[in-house]
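The values are calculated or read from the model by the stated rules, or taken from the named source; none is laboratory data. Just so you know, these numbers come straight off a predicted model, no measurement behind them. Cβ placement follows ideal geometry from the backbone for every residue including glycine, while neighbour counts extend to all protein chains displayed. To get the accessible areas, we keep the full protein, side chains included, count just its heavy atoms, and leave off ligands, DNA and RNA. Shrake-Rupley method; radii C 1.70, N 1.55, O 1.52, S 1.80 Å.
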Amino acid sequence: MADCLFCSIIAGTTPAQLVLDTPEVVGFLDIRPVFKGHTLIVPRAHVPTMVEMSDEVMMPLFGAARSVADAVRTAFDAQGSFVAVNNVVSQSVPHLHVHVVPRTKGDGLRGFFWPRTKYADDAEAEEYAGKLRAALAG
C-alpha cells in the first residue's frame with residue numbers, strides 16, 4: 001500500500017533498523033520503544049488488522065514473534081518479554097504488527113496498557129462470557 005509506513009519500510013524506501021527479514025515477515029526496532037530492543041514484527045503483505053489476517057499470514061507472523069521473544073532474552077539479558085497486538089484502537093500504523101518488548105523484573109512497566117476493572121459479581125461475568133460465546137458461535 002503506497003501510503004503505509006510499514007509497507008514503505010518493507011519496500012526499503014523508509015529506513016529502519018531491521019532485525020528479521022524473511023519471505024513472509026519483517027522485524028524492525030520500534031522508533032519509540034517502551035524499552036530498548038522493542039521490536040515490531042509485520043507481515044510483508046499489507047494486512048490492516050488481526051481480523052483481516054489469513055491463516056497463511058498467521059503462522060509465519062506469530063512464529064517470528066515467538067523467535068524474537070526468545071532472542072530478546074539472550075540479546076538484552078532480559079528475563080522475558082511482553083508480546084502484544086493492538087487492533088484498531090492504539091494502532092498508530094494501520095498495518096498489522098506484533099510488539100515484542102524485552103522485560104526484566106522491576107523494569108518499571110506497570111499498568112502500561114490497561115487500567116484493571118472487576119465484574120460486579122459472578123452473574124455479570126457469566127453475562128459477558130455468554131455474549132462472547134454467542135458471538136464466537138456466529
Exercise for the section: Would you confirm whether any residue within the range 115-137 is out of contact with any Asp or Glu (no Cβ under 7 Å at 6 or more places or on another chain), β-branched (Val, Ile, Thr), open to solvent by 70 Å² or more (accessible area, probe 1.4 Å) and farther than 25 Å from Pro43 by Cβ? Expected result: yes
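Under the condition of being assigned to a strand (DSSP E or B) and surrounded by fewer than 19 Cβ atoms within 10 Å (Cβ to Cβ), which residue from the range 83-98 is modelled with the highest pLDDT?
Val83
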Practice task
Tell me which of these Glu24 doesn't satisfy, since it passes every other one: (1) in contact with a Phe, Trp or Tyr (Cβ under 9 Å, 6 or more places away or on another chain); (2) at pLDDT 95 or above; (3) surrounded by 14 or more Cβ atoms within 10 Å (Cβ to Cβ).
Solution key: (1)
Practice task
Have a look at Arg73, Arg110, Arg103 and point out the one that is farther than 28 Å from Val25 by Cα, modelled with pLDDT under 95 and either among the charged types (D, E, K, R) or surrounded by 16 or more Cβ atoms within 10 Å (Cβ to Cβ) (or both).
Solution key: Arg110
Exercise for the section: Please identify the pairs in which a residue from the range 1-27 that is closer than 23 Å to Phe62 by Cβ has its Cβ atom under 7 Å from the Cβ atom of a residue that is surrounded by 11 or more Cβ atoms within 10 Å (Cβ to Cβ) and of a type in the set (Lys, Arg), counting only partners at least 6 apart or on another chain. Expected result: Ile10/Arg44; Glu24/Arg44; Val25/Arg44; Val26/Arg44
